[in-house]
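The values are calculated or read from the model by the stated rules, or taken from the named source; none is laboratory data. The shown structure was predicted, so the numbers you read here are calculated from the model rather than taken from an experiment. Please note: Cβ atoms are built from the backbone with ideal geometry, for glycine as well, and neighbour counts cover all protein chains shown. Remember, those area values only see protein heavy atoms, side chains included, never the ligands or the DNA or RNA. Shrake-Rupley method; radii C 1.70, N 1.55, O 1.52, S 1.80 Å.
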Amino acid sequence: MTQQHPHPTPSRPGQPGQMTAVMRAVAPVTGPKVLRIGLVQGGKVIEERVIKQRTHVTIGPSEKSMFVIPSKSIPPSFRLFELVGGEYFLNFLDGMTGRVAFKAGVSELSALKSSAKRVAVGNAQAYQVQLSEEARGKIVVGETTFLFQFVAPPPVQPKPQLPVSVKSGIANDIDWTTTIIAAFSFLFHFGAVGSIYSDWMDPVVDDEVDVAALLESVKQLPPPPVVEQPKENVEAPAATAAPTAEAPKAASGGGNKGAAASAGKGSGGMSDARASALTNELAQLDMQMLGALNSSGNATASVLSSGDVPTGLLENAAASGSGVGKGGVAGLNMGGAGGGTVRPGAAGGGGLATIGNTGTSGPATAGSAQQVKGPVGNAQVGGPAVAGGSVSNAPSVVAGMTAGFRRCYNKGLQEDPSMKGSVRVTAKIGPNGEVLSATPSGGSGLSGTVVSCVVARVQSAQFAPPEGGGATVVIPVTFVSQ
């Protein structure tokens, strides 16, 4: 199909044409004139502007000025044309030149100072002259020239309007039937998917019923399989019972065979009554042995009072050829002959009489240990030398390292007690006061362990931020032993 374009309707007599209607729509603007300002630099017009809205016209180096010019002889934002009560006034300073054309003629700015009004602009004094709509002229500010005149305001541009075919909105192009069907379809599918992932169709859970079913299932579990126990070794009690039965026999020395035989019988435990009876028998046996070792009576009293030792049992051994005489062997000086008793120390000398003596006749120094104290080191820290910048707390921080230097030196004295010497550590301080590096120099007479320990202590220090962003601190340390 071919689109038919409507033909323009010829204008009737007495009716304006289309061009005339457009020209009438753009009616001339009536009202006060506006300023037209041109900016000239180096003999060339670099900017021209029509101040459509009647307002102040400011110049100066500030970026807030309407015309920015690089001049230090005027304030940052100086009102060259000031609007007062709907009328424009020209403000100029002593350093400005130019001329202004009025109805009466052209006048220089220097000639207008006598008739101009003086106003204060900041710390400076300006001259103010009223301008009429017929005034024009130029103002020279440094290397910049301002040309101005009053012109009729430009006509207001008509607002662009789109044709009616384009003005129709998007709503006219929408197929509402398809849109409604698609919306209902979307809602239906969204509801179906939501019902699938929801718990609306899940059965109601009863906790009591579930716990009861769980208990019933546990009761129906089969019993665990029977684990066979390993057979006990029956020979072990018999083997251990034999030494037990022989022990009382050996202890009694054959003196009480009935007790040993009764103790060896059976493999079971001993009753309390039987244990008490055996204890009494052993006590009686000890008393009989003590009585047999002393020919004159109770041997316990003689041994404790006078130190007599009965020798009646040793006569058979002394009578044999392999016996040893009781002379002064190793200074014992046992003395006496034949039977009877032997008194240690009776034939002279200390003998055995002084064994166990707890008297305080002399200091018991044998076996006593004395602790020998090793050398103690001392660290002498000199004043720090700061270069490359100023560190406010350098003396106090270096003084706080003295204890750490002393510990390093004392550890070195444990390896070499005669060690002594000095070292200089050069520390580079970062912008935040941290130690970037520590370099030792000198170190004569000191071990590598002590020097490394001192460097590590300096690297862990924290100074105040140096002025200038960095500094170097030299720390002299001298170690001496006391």
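Do we find a residue being modelled with pLDDT under 80, of a type in the set (A, V, I, L, M, F, W, C) and part of a loop (DSSP other than H, G, I, E, B) anywhere in segment 248-260?
Scanning segment 248-260, I find no residue that is modelled with pLDDT under 80, of a type in the set (A, V, I, L, M, F, W, C) and part of a loop (DSSP other than H, G, I, E, B), so the answer is no.
Among the residues that make up segment 415-423, is at least one of them modelled with pLDDT under 90 and either among the basic types (Lys, Arg) or under 13 Å from Val398 (Cβ atoms) (or both)?
Yes: one or more hits.
Output the residues belonging to segment 434-482 that are of a type in the set (Ser, Thr, Tyr) and under 28 Å from Pro417 (Cα atoms).
Listed by number, the residues that qualify are Thr439, Ser441, Ser444, Ser447, Thr449, Ser452, Ser460, Thr478, Ser481.
Does Gly388 satisfy the condition of being over 14 Å from Val454 (Cα atoms) and either open to solvent by 80 Å² or more (accessible area, probe 1.4 Å) or at pLDDT below 60 (or both)?
No; evaluated as a whole, the condition is false for this residue.
Report, by residue number, each residue of segment 41-61 that is farther than 23 Å from Leu131 by Cβ and surrounded by fewer than 13 Cβ atoms within 10 Å (Cβ to Cβ).
Within segment 41-61, Gly42, Gly43, Lys44, Ile46 qualify.
For segment 410-428, enumerate the residues that are under 14 Å from Val480 (Cβ atoms) and open to solvent by 80 Å² or more (accessible area, probe 1.4 Å).
Result: Ser418, Lys420.
Restricting to segment 429-465, give me the number of residues that are surrounded by fewer than 17 Cβ atoms within 10 Å (Cβ to Cβ) and part of a helix (DSSP H, G or I).
5
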